[in-house]
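A short worksheet on the structure shown next.
Bear in mind these aren't lab numbers, they're just calculated from the coordinates by the rules spelled out. Predicted, not measured: the structure shown is a model, and the values here were computed from it. Cβ atoms come from the backbone with ideal geometry, glycine included; neighbour counts cover every protein chain shown.
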Amino acid sequence: MKIIRRIILFILIIIITVSSVVLLVGHTHYSKALKEKPLITRIEEITSKENYTKFDQMAPYYRNAVISVEDHRYYSHGPVDFIAVGRAMFVNIKNREFKEGGSTITQQVAKNLILTQEQTWIRKIAEIFAAYDLEKNYTKNEIFELYVNTSYFGDGYYGIYQASQGYYQKNPKDLNLDEASMLAGVPNAPSVYAPTINPSLAKKRQYHVINKMLEYGYITKDEALSIE
């Protein structure tokens, strides 16, 4: 019995030690990025750009489409959605491949604004620290703004304003359901889902967005069926 307890204690010590090292390395990586350029400076550079689109300058259809397909619990969880992370881990283990990430919109903003796109565990841990800093200093709506204003929509369009004007010659506030649901699906993989690159895959992605909006109660069945 004593041997079993010692083994369990040893395993716990190893887990705690490894976790501490991982967190320390991730935080160091994040701190290094902030030394190169502080968080507030990075955000001011984005928000001061011409045609930066505020939350209330976007069509409700578009805002709801993004929430539905990217992070439907966005307003009810913190910087990290542990339910989504657990679900992603289960799917990855089940499929024996790393495809699901479980990142929140806040984490994606952290990656876009502060860190790099490299897929490493160090960057992922640093991303969590950055996400907590973002939600400590900015509202959910402000973070949502940063997300859609820094996303790439294909065809050289960065941000929802350029995408809305480029694809539909409209301001973001004037997008209808068809247009909003199409654009909401593009940033997931712009090289695949941009309407001008592969219309059939873009349409398939749009249907996925519409189904999510219907599932989470943002549109009616009749509205969903109106998208051809």
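Just a few scattered comments:
- Filter result (part of a helix (DSSP H, G or I) and within 19 Å of the chain's Cα centre (by Cα)) within the range 186-201: Pro190, Ser191, Val192, Tyr193
- Every test in (1) crowded, with 19+ Cβ neighbours inside 10 Å; (2) of a type in the set (Asp, Glu); (3) closer than 21 Å to Tyr61 by Cβ is passed by Asp178 save one, and that test is (1).
- If you filter the range 147-185 down to residues that are touching a residue at least 24 places away in the same chain (Cβ under 8 Å) and not in a helix (DSSP H, G or I), you find that the one that is farthest from Tyr74 (Cα to Cα) is Asp155.
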